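The values are calculated or read from the model by the stated rules, or taken from the named source; none is laboratory data. Just so we're clear, the structure is a prediction, and the values are computed from it rather than from any experiment. Cβ placement follows ideal geometry from the backbone for every residue including glycine, while neighbour counts extend to all protein chains displayed.
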């Protein structure tokens, strides 16, 4: 592991100042379940690692009087899964967090780190000169790619491993991003915009920016929801395909797939509107699932994921229609 300076600031302002070095020379750390692996394998070589766990309030989960929810970026995945306010108002997120990794990983990993983690593509992780590692193309296209994506939305065909990101996208959550220049917010699914065409990162964070919180709107509380994650193993595995669906009390429907691209894939609003428009029979459900997946472009070894995605979408539509 390369040498680096370690800092543990006690204020957000100090942390933002510490991570403001350009070109990945300063990186934040909380649980460290992904970053330390990157450093150990020589895939990252920061001069400074900034531990954000000492910042007061950054791990808090707060339900506001209006029903909205704020989750600090340093909140543990296990704590989110078990929190009464999350389970009562946003059960979809609690289920997704409970499906992450193992108990040990859930008790170490944080929501900010989970959203910002890097893909598990074996070409990238083993230092192959792929698009994300100094090369010009995706090595998986002509190589082994059975766990890669079914979307042709850029050069890289890897998938993002975050389960909470899929649920948060279905709930219409936003991410608070802070830097010494100020604070901005971005919708969770937009956090990964352009990820497959970005050779250096997957999340839309500039140098010196930190994810500081996740915000869930009051309108997303309650309603009907669906979560399912298909894995090769029954536990401690990443999603082959996952699906989060939510129908809010105001009738809005969102359908989101995970394991299919470099971020949660929010399906067409026209499909969601048709799902929320009234009762669906099996013929309508089949037609909507087929329409939703019409633009997928699987590689030879990932065609099975289209079948899986279709099955999950049908189950989600039935679940929303029956509740």
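Take residue 271 and tell me if it is under 22 Å from residue 147 (Cβ atoms), surrounded by 15 or more Cβ atoms within 10 Å (Cβ to Cβ) and in contact with a helix residue (DSSP H, G or I) (Cβ under 9 Å, 6 or more places away or on another chain).
Against the criterion (under 22 Å from residue 147 (Cβ atoms), surrounded by 15 or more Cβ atoms within 10 Å (Cβ to Cβ) and in contact with a helix residue (DSSP H, G or I) (Cβ under 9 Å, 6 or more places away or on another chain)), residue 271 does not qualify.
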Search region 57-81 for residues that are at positive phi and without any contact (Cβ under 8 Å) to a residue 40 or more places away in the chain and pair each with any residue that is surrounded by fewer than 22 Cβ atoms within 10 Å (Cβ to Cβ) and assigned to a strand (DSSP E or B) when their beta-carbon atoms are under 6 Å apart and the residues are at least 6 apart or on different chains. none
Any idea which of (1) under 16 Å from residue 154 (Cα atoms); (2) modelled with pLDDT under 95; (3) touching a strand residue (DSSP E or B) at 6+ places or on another chain (Cβ under 9 Å) is the one residue 207 doesn't satisfy? (1)
Of the conditions (1) more than 16 Å from the chain's Cα centre (by Cα); (2) farther than 26 Å from residue 105 by Cα; (3) surrounded by fewer than 16 Cβ atoms within 10 Å (Cβ to Cβ), residue 235 satisfies every one except a single condition; which number is it? (2)
Residue, surrounded by the fewest Cβ atoms within 10 Å (Cβ to Cβ), within region 156-182, restricted to residues that are out of contact with any strand residue (DSSP E or B) (no Cβ under 6 Å at 6 or more places or on another chain) and in a strand (DSSP E or B): 182
Determine if region 102-119 includes at least one residue that is under 14 Å from the mean Cα position of the chain (by Cα), modelled with pLDDT under 95 and more than 20 Å from residue 24 (Cα to Cα). no
Given (1) touching a strand residue (DSSP E or B) at 6+ places or on another chain (Cβ under 9 Å); (2) touching a residue at least 60 places away in the same chain (Cβ under 8 Å); (3) within 18 Å of residue 85 (Cβ to Cβ), identify the lone condition not met by residue 222. (1)
So the helices (runs of 4 or more DSSP H) completely within region 233-323 holding 2 or more residues that are in contact with a strand residue (DSSP E or B) (Cβ under 6 Å, 6 or more places away or on another chain) are 269-276, 303-322
For the structure I just gave you, tell me whether residue 244 is surrounded by 20 or more Cβ atoms within 10 Å (Cβ to Cβ) and touching a residue at least 60 places away in the same chain (Cβ under 8 Å). yes
Would you check if there is a residue in region 77-98 being surrounded by 23 or more Cβ atoms within 10 Å (Cβ to Cβ), touching a strand residue (DSSP E or B) at 6+ places or on another chain (Cβ under 8 Å) and under 23 Å from residue 40 (Cβ atoms)? yes
Taking region 133-149, which residues are under 29 Å from residue 245 (Cβ atoms) and either within 17 Å of the chain's Cα centre (by Cα) or at pLDDT below 95 (or both)? 147, 148, 149
Kindly evaluate residue 105 against the criterion of being more than 22 Å from residue 227 (Cβ to Cβ), outside any loop (DSSP other than H, G, I, E, B) and in contact with a helix residue (DSSP H, G or I) (Cβ under 8 Å, 6 or more places away or on another chain). no
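Here is a list: 200, 157. Which entry is touching a residue at least 60 places away in the same chain (Cβ under 8 Å), more than 17 Å from the chain's Cα centre (by Cα) and more than 26 Å from residue 76 (Cα to Cα)?
Values: 157 fails: more than 17 Å from the chain's Cα centre (by Cα).
Only one candidate passes the filter, namely 200.
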Please verify whether region 53-62 includes one or more residues that are more than 24 Å from residue 170 (Cβ to Cβ) and at pLDDT below 95. yes
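How many residues does region 44-67 hold that are farther than 20 Å from residue 18 by Cα, surrounded by fewer than 18 Cβ atoms within 10 Å (Cβ to Cβ) and touching a helix residue (DSSP H, G or I) at 6+ places or on another chain (Cβ under 7 Å)?
Filtering region 44-67 down to residues farther than 20 Å from residue 18 by Cα leaves 60-67.
Now drop any that are not surrounded by fewer than 18 Cβ atoms within 10 Å (Cβ to Cβ), which leaves 60, 62, 64-67.
In the following step, the residues that additionally are touching a helix residue (DSSP H, G or I) at 6+ places or on another chain (Cβ under 7 Å) were identified as 66-67.
Residues in region 44-67 being farther than 20 Å from residue 18 by Cα, surrounded by fewer than 18 Cβ atoms within 10 Å (Cβ to Cβ) and touching a helix residue (DSSP H, G or I) at 6+ places or on another chain (Cβ under 7 Å): 2 in total.
In region 129-153, what count of residues is obtained for those that are surrounded by fewer than 17 Cβ atoms within 10 Å (Cβ to Cβ) and in contact with a helix residue (DSSP H, G or I) (Cβ under 8 Å, 6 or more places away or on another chain)?
Final tally of qualifying residues: 4.
Which of the residues that make up region 183-204 are surrounded by fewer than 18 Cβ atoms within 10 Å (Cβ to Cβ) and closer than 23 Å to residue 120 by Cα? Steps first, answer last, please.
Filtering region 183-204 down to residues surrounded by fewer than 18 Cβ atoms within 10 Å (Cβ to Cβ) leaves 183-187, 190, 193-194, 197, 199-201, 204.
Once the filter is applied, which keeps residues that are surrounded by fewer than 18 Cβ atoms within 10 Å (Cβ to Cβ) and closer than 23 Å to residue 120 by Cα, region 183-204 yields 190, 193, 194, 197, 199, 200, 201, 204.
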